[in-house]
Each structure stands twice: as C-alpha cells, then as structure tokens.
Number of protein chains: 2
Amino acid sequence: MTNSDQQTDLVVASSNAPSTALDRPVPSDEDRLARAALSRVIEPGDPATLKTFADLEPLEIWELLRTKAPGLERWSSRLAKVSPEGDLARAHSAGARFVIPGDDEWPDQIEVLTEAGQQARRGGTPYGLWVRGTPNLRTLLKSSVAIVGARACSSYGENAAAELAGGLGDHGTTIVSGGAYGIDAAAHRGALASTGTTIAVLACGVDIPYPRSNESLFHRIVGEGLLVSELPPGCSPTKLRFLARNRLIAATTQGTVVVEAAIRSGALNTANWSEQCGRPVLAVPGPITSRMSEGTHLLIRERNATVATSVADILEAISPLGEHLTSYPHTPATPEDALDHDLRRTLDAVPVLRPSPSTRIANVAGLDHDTVQECLETLAQANLITYEDSGWRLSPTQRRAP
Amino acid sequence: MTNSDQQTDLVVASSNAPSTALDRPVPSDEDRLARAALSRVIEPGDPATLKTFADLEPLEIWELLRTKAPGLERWSSRLAKVSPEGDLARAHSAGARFVIPGDDEWPDQIEVLTEAGQQARRGGTPYGLWVRGTPNLRTLLKSSVAIVGARACSSYGENAAAELAGGLGDHGTTIVSGGAYGIDAAAHRGALASTGTTIAVLACGVDIPYPRSNESLFHRIVGEGLLVSELPPGCSPTKLRFLARNRLIAATTQGTVVVEAAIRSGALNTANWSEQCGRPVLAVPGPITSRMSEGTHLLIRERNATVATSVADILEAISPLGEHLTSYPHTPATPEDALDHDLRRTLDAVPVLRPSPSTRIANVAGLDHDTVQECLETLAQANLITYEDSGWRLSPTQRRAP
C-alpha cells in the first residue's frame, strides 16, 4: 500500500529524540514495525500471549508469528491482514504516532505492568502506545492522576469529578481517564476548563470516536491533550478491551481516584490495577443512599482506599512523603475560634459597652431565646462576657477592637 | 424539707434487686446519699476533682467536703445548698430514680471511664445516673449504639440518622444519643418509629426539657425509653456539661456512629471518648460538597473510623468477631450475573429463535444503537448469543428457560 520511502518517514516520525531517561538506545525501525504488528495481531492483555511469550522481545515474537512457527496457530487468524507500515501510515494521516520504549515520549512508569501482569497472569506492558494530539506524552504524565467512575453517574458524581479534575488541572496535574460518558467525560471537561490538560485512554483506535456522543469532547482533547490507545487505528472497542485499557490508566498515573461506582463496576477494576501497580487508590465518598457510591464506600471500607474529599487530599496521597500534607484546623488558635456558630453569633450580638438583656441579644443574633440563654451562660463561663445592670456586655478583655 | 420516712423510702427505691452482675453488695443508703450529694456539688468530669480525689470512695470524698476539710475550699461554694434527700425526693416526684454502682440497673460498662478518665485527666465514672422512664437501664444498654451528630444537620443527615436508628431498633439494638435537635432528635425519632427503643443522655436534669423544642420528643422518650443524666434534677445545661455528657454516651454503648459533623463539632468529642473507651467509632460518609460531612470524612481519613453505610456495617463493627459479617457480592455467580445494565438489557432483547438485526434489538432494549452494537459483540464473545442469517439470537446454551 505505501511505498518504501514513505514507510521510512513514518517509522522515524516519533523517534527524533536521542534517548529516553532510561538511556535506552533509539529504537530500531524493525522494533517499531514489529511492535506495531503485534499491537494489531495480539489482543490487549491476552493471558495466553503473556504466558507463551513471557521472556521474548517483541522482535522475536513477531518473527515467530510472521514465519508461522508451529504451535502458534492461535495467533494466525489475524496474520493475513497485518500491515504495520499501513497502520503507521493510517495513524499518520489521522494525526497520530506510535510511541514505543526508547522514544522520548515513552512513559517508563508504564513498565510496572510487566511485573504486575505476571502476578495477575494477564495484562503486561503494551507493545507501544498509539498517541493522537500535540503534547509530549511522557511530560504530561509526569504529574498525573486517574479520575474514573461510573457511566451512569449521578449529577453529584459528575460535579465532584469535574471539580476535582479542574482543581488538579490548575495545580499542574494532568487528568487521565477513559473515554466513556459519565464520570470519565466530566473529568475531562473539568480538566479542559482548568489551566491543566487531560488524556483519554481508549479501548479502540485513537481515530475512532466511541462513544459517538463524546465526539466533540474527543475533538477538544486532541486540541489540548492526548488520545492514547494500545490498539492500532480502526480497532473497535470490546468489553475485554475496556478491561485491558483500565490497566494503562492505572499504570501511567501516580494514583487513581474513583468518583462513583456501583458495586460491580469497571472503575473498581481500574482501582485493582492501581493497587497491583503499587499506586495509591482514592475514593470519593457520597450519600449512603446512592447506589453509585456503594463501590467507593466499599473501596474505603474493605480495601483501605484513601478518602478523597478535596484536591488537597489527592495531592497529599500521590506526592512524595510530606510534600502536600493536608492541614485540618484541629486546634483553635483563640478561645473565640473554638466557638460554634450559635456561640459566635451570640457573642457578636453582645454589646461592647451598654449591657443588653438576653431578649434583645436574641433579636440581634437572629436566634431563639433558649439558644441564646445557653450561649450567654457558656460565654460568661469563658470570661468573654459579663453580667452588669440586668444585662450582658463584653468582658474587659473582649472590648479591644478586633 | 422531706421527713425521715420519706427519705428512707426514696433511698431504697432503686435498690430492690439483690445484686448486680459484678456481684457487688447492695449499696448502702449512706453511699447513695453521698453520691447524690457529690452529683450536686461536683461539676461533671471536673479535672481538679479527678486529680484530688482519685483514690477515694464517694463516701470518703463526701465526708471530707461535708466537714469542710482544709484545702478543699474550691468545692465549698455549693455546699450550703446541697440536700441529697431533697434531690432524691425531687427526682421521685419527677418520675426519676438515682442509679448507682451495685444497683440492678447500673451499667457496669460505664466504669471504663475510670481508667479513660485518668488517661484523659478529665471525665471519670459518674457518681451515679439520674434515670427517668420505665425500662431497666442496664438491660436496654446490653445491645446499644450511640448515634450522634450535628445540630445544624442537613436533611440527608437527618434521614440517614433516622434510617440507621430505625434499622438498628428493629434489630433489638437500643439507640443512645443526646437531646439536641438535628441528628440526635432524628436518631431518637427513628428508634421510636421502630420496634426498638432509645435513651437520651442529657447535659441537664432529667426533669428539664432542653432544648424546649424537643419537649414533646422527651415526653415520648420517657414513655418508651429513658432520659439519663449525671446531673441532679433542676440543673441547667452548659457547654462544659455537654462535653462531659458526651463521655457517658460513648461509655455506655458498644460503639458510636457519627452521622454528620462539621470539623469542629461536639460529635467528634463523643467519637474521641468512644476511642478512649476502646469502643469502635463509625462515621457515615456523605457528599464531599457538604460541610456537615467534613467531620465524618475526617474521622474516616485521619482517625481510622469505620465507614457506616448501613445497619449491617454497624452491627458488624459492634458485634463479637464474625457474628454479623457484612457480605458484599464480590463475585458474580453466573456469567449473566456479571453483566452490567446495558448488557443485561441487550441480552434480554435478543430473540431466542428467529435472529433479529441489531437495529431492532436496540429498539427492544430501549438503548442507542452504538451501545447495543458494543453489547452484542461482548455477548457474542462470551458465547451468550450467536450471529446467524444477518441477525442475532441466543446461543444454544442460553435457549433454556430461565
């Protein structure tokens, strides 16, 4: 389909940097073609592949499959249609590139999946990532959080996802999620509305707008962030591909936040992978009356997930020790700080100089008389007010200007 | 005020059982009068008292105070007004009794406060409990849970408190709470609406309806459950008495559930006491947008409180190991069980015999065509449906009647 010059051009498209942080050699064209071919032939995260080819390099695996080595008939059905050069060309015309280990853009942290995959007996590090959009994948992922959750989310969950994603975005943290409607879409929208950016990891080719209702969202993501998939252009999503995709979301980020999830939910699968990768799992609590929060409460209760109520909670969990410690106002700084709402309002209603009866103070405070009576007694015990001439006024220490 | 016959009558009113579970002797009249006097003279949970009289019996303490022993002037101001006989009479006419260690009704578990008080340097076991209502205090508390929370709660919190209290009540668990409006009142109402009952522990005398807006609620509680206080009749509530009261709620129950609480909240003080007493602390999660859930999320996140989403969660936490284990549907029993909503609906829409095109299946399922396409592919991969004659039908294994 493509002539040999064009192939060479495409092949080097993504390898123009001298080396990665791991100081790997620039990947060879053969390696890139082999990996592109494998991404077409082998189903993402396929357990049988993982088992059969555990110790082989992609070039060796592709050589075995390409030459139809005996015993590998399982993989032969798709071989006839494979054209890595064609896929690279197709990606190129869709504005996409194929990023592999050794490329400047390759996010090394994803290779945690090699060991995690062996433990889980499925998954593994993908052969490469098809990437569509302008920014550098590795750079965007340096500070990144996965925000995932139910498709059939509540408006509470949608708001929480967008708020948290926006806050993290403003903090320079990239959001990573799937491409589904519900929590995924809300997280992307929140990030796009912030100064940060977002990455959608898809269970289909990066040229396939699935679900179609998110097509304009994908368009916006390509404009500012990235679409990523381990599947070559043109591939359709399947249930198994969604599950395999979840591991990429978990492995590329510093932690996963589940916003809403029913008890049986794909988001819990992403949380599993995050745990398997040694990354923190956070869960957003919600009303106990909402089925959509059952999964997040389960994560907190049974799986020791961290409670995520704010951007600060999330930053604290994903940051190196002590860098983003959330501070709660445990101890009041002054006696007045310790006052609750009613006491505060009552105190504010007590005159500085001319003593006032409790009925008038209640009127000023806008509280009922019983409450104010109790508050006045407490304030007097704390020496904040005094009783003089049938009325209350501030005690001498309180008469200073604030 | 009262003649000597009446006194004796009142004194023995609550000690008609031979002995308690601890096989203590029936308390003497002197002991009861001394304890009643101390409950009038000494401010609940007063740190100075705890320190000064740590190793003395109530009779000894009362003797020192009554005889105005030197160095104890701190306690002398209230001495003139003390009349334990008068307080017992006043209680009697208010339908109340004074329960002390050795009485049949005395809840032994409250004595955890002796050690907890020494550790906290405040608190301690109360000298006795003024009790108003018909049931036996010890019996009611045998299976009991504290449900506490904010006064200025949200309607979400109010509903959660009432639902959980009602469910626990139907399970034979007594609810214990304060007398405040908000979560406290909702918990009592929930319990009263169930087959169970409820106890309000007050920071004032059991004859004082505070807050007045809860007067009819207290009336209902006296009819079916109990009002309890360590303060003698006629005492008014103060801030310090509320804080001291919280330790009684924590110590008499098998665990404390905080439903809603702002960051600075009395309910968190009750949770502290529960922890101090070695009882489980549970917290009900809520929307992260609600200030009223900040305290409960703090408890879960920072203080390792157990997430309480249901009656089952609470029963599991307060029960002896393994008795009320909550079971979550972790693993689906059949392949169909694993299907999410869309897949289930799509599968239900696939005809048994005559193959149907995807457009018609989408119509039947009431789902959009893209979703149904994806679902059909997944169902086919799972061998639940097959493609024949340009349409889909159930696979042979699925054609059996359900």
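Please treat every number below as a calculation from the coordinates, not as lab data. Model, not experiment: these values are computed from the prediction. Cβ: placed from backbone, ideal geometry, glycine included. Neighbour counts: every protein chain shown.
Observations, loosely collected:
- Distance histogram in 5 Å bins (all Cα pairs of segment A:336-398, percent per bin): 4, 22, 37, 26, 10, 1
- Charged-residue dipole, Cβ positions (Lys, Arg, Asp, Glu), the protein assembly as shown about Cα centre, Debye nearest 20: 840
- Mean Cβ neighbour count within 10 Å, used as a protection proxy, ranking B:144-154, B:275-285 highest first: B:144-154, B:275-285
- Using bins of 10 Å that start at zero, the share of Cα-Cα pairs per bin across segment B:22-138 amounts to 13, 44, 35, 7, 0, in whole %.
- P(r) histogram, all alpha-carbon pairs of segment A:155-304 included - 5 Å bins from 0, percent: 2, 11, 19, 23, 22, 15, 6, 1, 0
- The distance between label points at B:ASP368 and A:ARG354 comes to 6.9 nm (points 7 Å beyond Cα on the Cα→Cβ vector).
- Average beta-carbon neighbours from other chains, 10 Å sphere, peptide B:295-302: 5
- Compared with the dominant principal axis of the Cα atoms in chain A, helix A:183-192 is inclined by about 80°.
- Only Lys, Arg (+1) and Asp, Glu (-1) charged, at Cβ; segment A:4-318 dipole about Cα centre in debye: 1000
- Residue-count net charge about A:ALA161 - beta-carbon cut-off 13 Å; Lys, Arg +1, Asp, Glu -1: -2
- One chain, two ends: B:LYS142 and B:SER216. Fully extended at 0.36 nm per residue, the span grows by 24.0 nm beyond their Cα-Cα distance.
- Of the two radii for segment B:83-174, the radius of gyration is 1.05 times the Kirkwood radius, both from the alpha carbons; that is the Rg over Rh value.
- Those lysines that a straight Cα-Cα span of less than 30 Å connects to A:LYS239, excepting residues fewer than 8 apart in one chain: A:LYS51, A:LYS68, A:LYS81, A:LYS142
- Pairs of alpha carbons in segment B:120-160 whose separation is greater than 11 Å (percent): 79
- Base-10 log of normalised Debye intensity for the protein assembly as shown (one unit scatterer per alpha-carbon) at q = 0.04, 0.06, 0.10 Å⁻¹: -0.26, -0.53, -1.02
- Only beta bridges with both residues in segment B:94-318 are counted; by DSSP, about 30 percent of them are antiparallel.
- B:PRO47 sits among other residues whose Cβ lies under 12 Å from its own Cβ, and their net charge, with Lys and Arg +1 and Asp and Glu -1, is +2.
- Taking every residue in A:306-317 and counting other chain Cβ atoms within 10 Å of its Cβ, the average works out to 3.
- Other protein chain Cβ atoms within 10 Å, averaged over every residue that makes up A:279-287: 4
- Estimated [θ] at 222 nm from DSSP helical runs (n ≥ 4, -39500 (n - 2.57)) normalised by residues in the protein assembly as shown, nearest 500: -12500 deg cm²/dmol
- Kirkwood hydrodynamic radius of chain B, from inverse mean 1/r over distinct Cα pairs, in Å: 24.0
- Of A:LEU113, A:LEU299, the sequence from fewest to most neighbouring Cβ atoms within 10 angstrom is A:LEU113, A:LEU299.
- Relative to the compact-globule estimate of 2.2 N^0.38 Å, the Cα radius of gyration of segment B:265-308 comes out at 1.08.
- Between B:GLU43 and A:ASP55, the simple label model (points 7 Å from Cα in the Cβ direction) yields a spacing of 7.7 nm.
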